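So the structure is just underneath, and the comments pick up after that.
The values are calculated or read from the model by the stated rules, or taken from the named source; none is laboratory data. Here the structure is a predicted model, which means the values were calculated and not measured. Every residue, glycine as well, gets a Cβ built from its backbone with ideal geometry; the counts of neighbours run over all protein chains shown. Each accessible area value is taken on the protein alone, full model and side chains, heavy atoms only, with ligands, DNA and RNA left out. Shrake-Rupley method; radii C 1.70, N 1.55, O 1.52, S 1.80 Å.
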Amino acid sequence: MSFNIISVIGLGYIGLPTAAMFASREKKVVGVDVNEGVVDTINQGEIHIVEPELDRVVHAAVTKGFLRATLKPVAADAFLVAVPTPFKKNDSTVPEPDLSFVRAAAKAIAPVLKKGDLVVLESTSPVGATEQMAEWLAEARGDLSFPQQVGAESDIRVAHCPERVLPGQVVRELVENDRVIGGMTTLCS
Ligand SMILES: NC(=O)c1ccc[n+]([C@@H]2O[C@H](COP(=O)([O-])OP(=O)(O)OC[C@H]3O[C@@H](n4cnc5c(N)ncnc54)[C@H](O)[C@@H]3O)[C@@H](O)[C@H]2O)c1
């Protein structure tokens with residue numbers, strides 16, 4: 001299995017460093033963000049967030065042609081979803097996570113999915129969010145099979161790999177930190 005093109009959905013504090021680190025290893029990376037200012041800034045080889053060393057890595061990756069940003073998803077082999085998952089603003093005593101950004105990201109990437117693709121939820125998410133994302137993808141693509149339908153034989157692989165980096169240390173920690181990976185099947189992992 002090889003991932004020639006990696007797409008990162010959401011180019012904020014987590015998504016942009018993730019995209020830039022893969023691109024710095026000479027992987028073709030397409031970053032996607034709904035914010036036009038973010039997309040334009042990155043395509044100029046600049047950054048819109050504060051994170052040590054990231055400006056250098058992004059500038060080199062864009063200049064060498066390994067990283068570009070777009071407003072709409074394009075075909076890729078792996079999609080890493082790093083969109084916000086804030087708490088809902090309501091009066092509930094138990095904080096309720098807002099998965100609407102994950103849902104919007106799933107709806108946006110569904111049309112460009114093809115057999116063999118991997119979709120990884122990297123956002124901090126409640127139990128069941130990965131399966132929910134897989135369900136949203138399946139609703140949009142009845143022509144493809146998903147792990148919740150057929151298990152290991154699925155056309156699309158789905159996993160959760162929560163980000164654990166410390167702001168200010170992201171460029172180093174993305175490389176050095178161990179990661180927890182939860183695939184919906186062993187093949188997905
Ligand atoms: N920032 C951290 O230190 C940190 C650490 C660990 C985990 N996380 C988690 O990582 C996730 C992302 O957090 P962040 O800090 O990078 O957020 P962020 O707000 O910095 O960036 C999110 C980006 O996603 C974009 N976006 C929103 N909806 C989109 C969509 N449908 N399609 C494409 N782009 C979209 C936004 O425009 C924004 O640029 C969250 O779940 C957060 O809890 C963050």
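Points to keep in mind about this one:
- Accessible surface calculations at 1.4 Å, restricted to protein heavy atoms, place the chain at 52 Å² per residue.
- The stretch 1-96: GluC sites (Glu not before Pro) in DSSP coil with no more than 14 other Cβ atoms inside 10 Å: Glu26, Glu46, Glu53
- Each residue of the stretch 61-68 was assigned a 3J(HN,Hα) from its phi angle through the Karplus curve 6.51 cos²θ - 1.76 cosθ + 1.60 (θ = phi - 60°); the sequence is 5, 6, 4, 7, x, 8, 10, 9 Hz, with glycine and proline shown as x.
- Expressed as a whole percent, the accessible surface of the chain that belongs to carbon and sulfur atoms is 55, based on a 1.4 Å probe.
- Put simply, the convex hull of the Cα atoms in the stretch 5-183 casts, on average, a shadow of 10.6 nm².
- Cα-based helix-to-principal-axis angle, 15-24 vs the chain, degrees rounded to 10: 70
- Interchain or long-range residues, amide H under 5 Å from Gly31's placed H: Val8, Arg68, Ala69, Thr70
- Taking amide H atoms as placed 1.01 Å from N in the peptide plane, the amide H of Ile5 lies under 5 Å from those of Asp77, Ala78, each 5 or more residues away in sequence or on another chain.
- 222 nm mean residue ellipticity, helices alone, for the chain (DSSP H n ≥ 4; -39,500 (n - 2.57); rounded to 500): -9000 deg cm²/dmol
- For Leu121, the residues whose amide H sits under 5 Å from its own are Val81, Ala159, His160, Cys161, ignoring neighbours fewer than 5 places away on the same chain, with H placed 1.01 Å from N.
- The stretch 62-136: Cα Rg divided by the 2.2 N^0.38 Å rule of thumb: 1.29
- Convex hull volume of the Cα atoms of the stretch 26-74, normalised per residue: 66 Å³.
- Computed Rg/Rh of the stretch 1-46, alpha carbon atoms with Kirkwood Rh: 0.97
- Among beta bridges that DSSP assigns inside the stretch 5-183, antiparallel share in %, nearest 5: 10
- Hz values of 3J(HN,Hα) by residue in the stretch 80-90 - Karplus curve (6.51, -1.76, 1.60), Gly and Pro given as x: 10, 8, 10, 8, x, 9, x, 7, 5, 8, 8
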